Amino acid sequence: MKNDAEPGRFQFPAWTNLIRPLLAVVLVTVPAYLVVLVWLGGSPKTTDVGYRPEQPVPFSHALHAGQLGMDCRYCHTTVERAAFAAVPPTQTCMNCHKQVRSASPRLLPVRESYASGLPIPWVKVHDLPDYTYFDHSAHVRAGVGCASCHGRVDTMEVVQQVQPLSMGWCLDCHRNPDPHLRPPELVTAMDWVAPGDPAEYGRRLREAAGIKPSVDCWTCHR
Amino acid sequence: MGLGADGMNASAGGRRVATRYWRSLQELVDSPQFRKRMEEEFPGLAAELDNPATAATRRSFLKVMAASLALAGLTACRWPKERIMPFAYRPEGYVPGVPQNFATALELGGAALGVLVKSVDGRPIKIEGNPLHPSSLGAATAWAQAAVLELYDPERSTTLVRREGGQRRVPTWDDFLAYAGAQMAAFESRRGRGFAVLSEATSSPTVQGLRDALLTRLPEARWYEFEPVSRDAERTGLAQVYGTPLRARFHMHRAQVIVALDSDLLYGHPEALRHAREWGLARRGEDGAMPRLHAAEALLSVTGAAADHRLALPAGSIAALLLQIAAEVARGGVALPTGVGSLSPFAAGSPEADFAARAARDLLRAGQRGLVVVGPGQPADVHAVVAALNDALGAVGWTVTYVADPDPGRGPHLEAIGELAAGLAEGSVEALWVLGGNPAWDAPAELEFAQRLAACQQTLHLSLYDNETSRLCRWHLPRAHALESWGDVRAWDGTVSVVQPLIEPLYGGRTPAEVLAALLGESAFSAYDLTRRSFAARWGSGEDPWRQALSDGVVKGTAWSALAPRLSVEAVAEAAARLAVPPARGRELVLYADGKVYDGRFANSGWLQELPDPITTLTWDNAATLAPEDAKELGVKHGEVVRLTHAGRSVEAPVCVMPGQARGVVGLALGYGRQAGGSVAAGAGVNAYPLRTAAAPHVLAGAEVQRTGRRRLLATAQEHHVIDTLGMAERGRRVGSLIREASLSEYQRYPEFAKNPAWTNARPLWRKIQFKGEHQWGMAIDLSACIGCGACTIACQAENNIPVVGRKQVANGREMHWIRVDRYFAGDPSDPQVRFQPMPCQHCENAPCEAVCPVAATLHSEEGLNQMVYNRCVGTRYCSNNCPYKVRRFNFFNNFAKVPATTRMVFNPEVTVRGRGVMEKCTFCIQRIEAGKIAAKNQRRPLRDGEIVPACAQTCPTKAIVFGDLKDPDSEVSRLHRHPRAYGILEELFTKPRTLYLAKLTNPADVAGEGEASS
């Protein structure tokens, strides 16, 4: 009733009636949105899964580990002995590449490294915070397969992170390792699937080997 | 019944040992300052909170806390890209990230300690003792642990320096080689006349071989050896009576009674680690037998603190005391040379006479199992008489053995430097090469060595730092650190070790052997070639002996054999006659090598400067120590600066009032007050060398002390971390329960004296926590064995990346050491007993800290460890407030921001480096525990007892600290936890600590005078 007002007296326009319900909606949805944004956006599942940095050398695991069938441990030699599953030194590459594709332009950085003695500056894909200490040998010896954490690396042209590697994700397995266990000699069999029920199969392995993953803080956070 | 008003040491039989423990004189007096300190958990924080400049009102404080809580959750953003840099060629057998251990040796004052060095990714990060080495037996001293920090000191000399005509140039090693060649040609034309080499003491066979070659080629050249601190007096004294210089070796495990006169046998001796080990093992009272130690000294020392009977008397009176003891021994029927054993300088009934009578009684009973030791600060004649006494007791060949001195032709150090200074002054020395050492700074003051050195035209100095001496020399050559060098050294007993480098010389330094080889024109300008050649010539050529020596760290069978020398009775009588000189009047000033920085060479080491001195608990300073009565007489208080004057020379130093120091004695440590020692050394302490002369290098009679009215803040660690126990009124009663002790005879009658049945039988209000871990970790610390040396503190600092905070913060109580050694006095301030107690985190089962953390950053593991999780901590500090042991350390500042890049190489990659605002504390070396567990699991075998050793336990010379699995009933720590002497500290608070202490046993002679035979 726009013309019902007395002259000189201010009357709020009708559309202001919508402010209060709109404000109510905004005050509910905006915080909810922000929370969901931080929760999902800040989660390692968002920030870390799918991380696929470009490497200085276009090394293809799909070719070497998949098509050629090289075992993970041919290059990552220390995975059963030490905390780090070391990226191989250049001489490991040159074991073959002295003869195989010895003039390929894509292998130039490798040849340069071999000639100069300087390292190839690989980019770390599976990067944990500095205050956590992960030990490969303990997991590999217990029977956790490479693919359980690193995914099907043997199908990756460029390595990408497929698991969030967050603390919650680690704890999920530490609290219930059975579905992720396999006989230790099969850790590098990328396409291995447990016969029958993985949880039951893993339970028997766990009990036989006496595997008791710790959930104490200091196991990883030293 | 059983709990005396003065503490725990009243035995159930009703006989009381009234022991009231106190930490410092302020506490004893219960001064208002001390009370105020006690009331604030963090001294100084209240002042900061009230300071308007910081505007830290309560409200903003809470706001900041809330904000940090909120920020604690936002840690899930992606972090910067990280690179992996593998080798191009990986060395064979090398596993990235897995440490390798190499055996090498570190030399101090001509005697080596064998060490094992842990090296990660090609850089050394941690030093441990080599169990196969006779001088270390698996332990390491504080300075040996700190050698790895010295290696990475960015203020080490990085280039050659040439100072000529006011100009400073940077030559290369090739320039030096050319210079050396020219010099050698010039010297040879003169047969070496006018050329002298001044070297620090070295036992290296390679260097000695090169020296001999040099002196053969240049017959008129001179080689001088100088160390400001050495055992030359003992060497000369033994030479007097045995005809040739000898080296004495003491065997504590064979001794029933030890009389130490001004001797710091357990701490300040090249074989101190071995002495401490033998001592620590013998003092457990297991078979009802324990050796007894009588100590007479001017200044309180670690050995004096460990003694069963201690006498404080001026160092100048030690000779008289020795004669008194000898007289008592002679009266007991032992035949002594004339002049020894006839004088009794002290009146009957005086404390000195009583001490002497008691010591002599024990010596007579012990016979060949007795041992008299005198310190290197006493004159040679005293050593001569002591040698005679040991000989008469039959101890030679048993508790003391003699080996031939490796260099009998060498004159004493003080004579050598005097001769050299005279040569420089009169011009007969025209060219001087100084290898190591710092003579311009630490030579006797009357020689004015710095001026003489500056006046000489052809001087050269090889040293780690471009220090006071280098700046006066024409050439300065950077020296390779021991951890960067090839070489060989001998231990005090002659055992040879090959020194192998852990890393390429960081700054292109060279060793003394290489410099000599360059001068000699040898083709091999490489320490490796020189060492290899020398080794092959002496101990077998070929790969096998060499590799065995490198692997073991020792060359087997190279220890010198003990001699059976013949004593010259006439020489002893002459020495004794010279002893009968009445002591001078006035105060006595005693100068001594500091336990941390030694003669000053380690002054730039942050770890060593911040380590509290075992006796004074001073950090970052030295001080003029005075007995309490002397301080009162002079009207000086702790921290007031006084002027010390002797023979016309004076220095000013702050006063540190020390209970237990002899009346009329002022003590001052050497090694501080460096002018060109580096930024860490700058401002630390006062230089005592200006007072030191060749005639009186240790005991300066007739000194004066004057007040100046100024004050200096002394950062001591003795008033922090006082355990607050149920209020001030209860404190006096409870503090007595921290140290529990009894004499050996009391222990034999009442083995359970340390237990407190009131608390052991306490019933808890809540359910007992069940720990489900496979292992249950625990620790036991034997107070009978701990001598308070502080090596555990430095080992922990090296292993766990503990920062250095500096003097101001130490004065605020913010030093970061995870394990500290508390020092307690008991009894009369002028003659107290001293007790040491290492205090790491107790890993309480009912930890008070865990209950109060608002963010669950500290919680308990299934294996019984109290875990501190740095990334959860928000810095409330409630946990350290609640900790009754005050073992939690908070990072008030970002201590790592200012750590130089080179020094960061020393960090242990297995331990998180903590930033600002997080709490930290002893972890029982969780990184070692995890490494041990994973290794055992990977090898599919159970963990063995003794496989996991925390850093403190590994380096402890006396093996006082034991760590292990309490779930294993056969482990050493389980056995010690079941021991009758075991007790927990503050167990009445029901914290249920996993670290138990074993009560201290003493072995005093019975008051009646007979005393049980102690073995």
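The values are calculated or read from the model by the stated rules, or taken from the named source; none is laboratory data. Nothing here was measured: the structure is a model prediction, and the numbers come from that model. Neighbour counts run over all protein chains shown; Cβ positions are idealised from the backbone, glycine included. Quick note on the areas: whole protein, heavy atoms, side chains included, nothing else; ligands and nucleic acids left out. Shrake-Rupley method; radii C 1.70, N 1.55, O 1.52, S 1.80 Å.
The table that follows gives values for the structure above.
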read-out: For segment A:14-32 and segment B:761-793, distance of Cα centres in Å; value: 61
read-out: Furthest towards positive pole of dipole, B:209, B:669, B:617, structure part the protein assembly as shown, Cβ charges; value: B:617
read-out: Farthest positive-ward along segment B:100-160 dipole, Cα basis, beta-carbon charges - from B:102, B:114, B:147; value: B:102
read-out: Between segment B:312-344 and segment B:422-453, the alpha-carbon center distance in angstrom; value: 40
read-out: B:507, B:878, B:242, reordered so the largest accessible area comes first (probe 1.4 Å); value: B:878, B:507, B:242
read-out: Most positive-pole-ward Cα, B:294, B:348, B:280, against dipole of segment B:232-404 from beta carbon charges; value: B:280
read-out: Among beta bridges that DSSP assigns inside chain B, antiparallel share in %, nearest 5; value: 60
read-out: Choice from A:60, A:43, A:116 showing the highest fluctuation, given a GNM over chain A with Cα pairs closer than 10 Å; value: A:116
read-out: Dipole magnitude of the protein assembly as shown about its Cα centre (Cβ charges: Lys, Arg +1; Asp, Glu -1), debye to nearest 20; value: 2580
read-out: Check: chain B dipole with +1 on Lys, Arg Cβ and -1 on Asp, Glu Cβ, in debye; value: 2740
read-out: Principal axis box of the protein assembly as shown, alpha-carbon based, largest edge first, Å; value: 124, 82, 81
read-out: Complex-versus-alone comparison for segment B:842-880, residues with a loss of 10 Å² or more in accessible area, probe 1.4 Å; value: B:859, B:861, B:862, B:867, B:868, B:869, B:870, B:871
read-out: Amide proton proximity set for residue B:464, modelled H, under 5 Å, gap of 5+; value: B:479
read-out: Inter-label distance, nm, simple model (7 Å from Cα along the C-beta direction), residue B:405/residue B:193; value: 3.0
read-out: Set A:124/B:937; B:556/B:1000; A:212/B:768; B:933/B:992 screened for pairs whose C-alpha atoms are more than 30 Å apart; value: B:556/B:1000
read-out: Listing of segment A:190-222 residues, each with accessible area lower by at least 10 Å² in the full protein assembly than in the chain alone (probe 1.4 Å); value: A:212, A:216, A:217, A:218, A:219, A:221, A:222
read-out: Helix-derived mean residue ellipticity, 222 nm - over the protein assembly as shown, DSSP H n ≥ 4, -39500 (n - 2.57), to 500; value: -8500 deg cm²/dmol
read-out: Residue A:128-residue B:342 FRET efficiency (beta carbon distance; Förster radius 56 Å; 0.05 resolution); value: 0.10
read-out: Of the trypsin sites (Lys or Arg not before Pro) in segment B:906-1015, those whose Cβ has at most 16 other Cβ within 10 Å and which sit in DSSP loop; value: B:916, B:940, B:944, B:967, B:978
read-out: Whole-Å semi-axes of segment B:141-279's equivalent ellipsoid (Cα gyration tensor); value: 39, 24, 12
read-out: Candidates per trypsin sites (Lys or Arg not before Pro) in segment B:468-572, loop by DSSP, up to 15 other Cβ within 10 Å; value: B:556, B:566
read-out: 5 angstrom amide H check on residue B:459, placed H, neighbours 5+ away; value: B:432, B:474, B:475
read-out: With 5 Å bins from 0: P(r) over segment B:232-404, alpha-carbon pairs, percent; value: 2, 9, 19, 24, 24, 15, 6, 2, 0
read-out: Computed log₁₀ I(q)/I(0) - Debye formula, equal Cα scatterers, no solvent, chain B, q 0.04, 0.08 Å⁻¹; value: -0.19, -0.82
read-out: Accessible area (Å², per residue) of chain B, counting only protein heavy atoms and a probe of 1.4 Å; value: 37
read-out: Among A:163, A:99, A:67: highest mean-square fluctuation, GNM of chain A, C-alpha pairs under 10 Å; value: A:99
read-out: Accessible area that becomes buried as B packs against A, both chains, 1.4 Å probe, Å², nearest 100; value: 4000
read-out: Förster radius 51 Å - calculated FRET efficiency between residue B:82 and residue B:629, Cβ distance, rounded to 0.05; value: 0.20
read-out: Additional length obtainable on full extension of the chain from residue A:20 to residue A:200, 0.36 nm per residue less Cα span; value: 59.0 nm
read-out: Label-reachable residues, segment A:81-123, where backbone N falls under 11 Å from a point 7 Å from residue A:74's Cα toward its Cβ; value: A:93, A:95-97
read-out: For residues of B:88-97, the mean tally of beta carbons on other chains within 10 Å; value: 6
read-out: Test item: A:126-133 mean partner chain Cβ contacts at 10 Å; value: 5
read-out: Cβ neighbours within 10 Å from other chains - mean over B:911-919; value: 2
read-out: Spherically averaged projected area of segment B:584-716 from its Cα convex hull (nm²); value: 7.4
read-out: Selected from A:183, A:53, A:21 as most flexible by GNM, with chain A as the system and alpha-carbon contacts under 10 Å; value: A:21
read-out: Unit charges on C-beta of K, R, D, E only; dipole of segment B:163-287, Debye; value: 200
read-out: GluC sites (Glu not before Pro) restricted to DSSP loop in segment A:36-138 with at most 14 other C-beta within 10 Å; value: A:54
read-out: Cα gyration tensor shape of chain A, rounded if a/c is under 1.5, else prolate or oblate by comparing a/b with b/c; value: prolate
read-out: Prolate/oblate/rounded call for segment B:77-178, Cα gyration tensor, a/c under 1.5 rounded; value: oblate
read-out: Förster radius 56 Å - calculated FRET efficiency between residue B:566 and residue A:104, Cβ distance, rounded to 0.05; value: 0.10
read-out: Accessible carbon and sulfur surface of segment B:584-716 relative to its total accessible area, %, 1.4 Å; value: 51
read-out: Residue B:585-residue B:939 pseudo-label distance in nm [points 7 Å out on the Cα-to-Cβ vector]; value: 7.2
read-out: Backbone N under 18 Å from the residue A:191 label point (7 Å along Cα→Cβ), restricted to segment A:147-165; value: A:147-148, A:151-157
read-out: Whether segment A:122-222 is rounded, prolate or oblate, judged on the alpha carbon gyration tensor where a/c under 1.5 counts as rounded; value: oblate
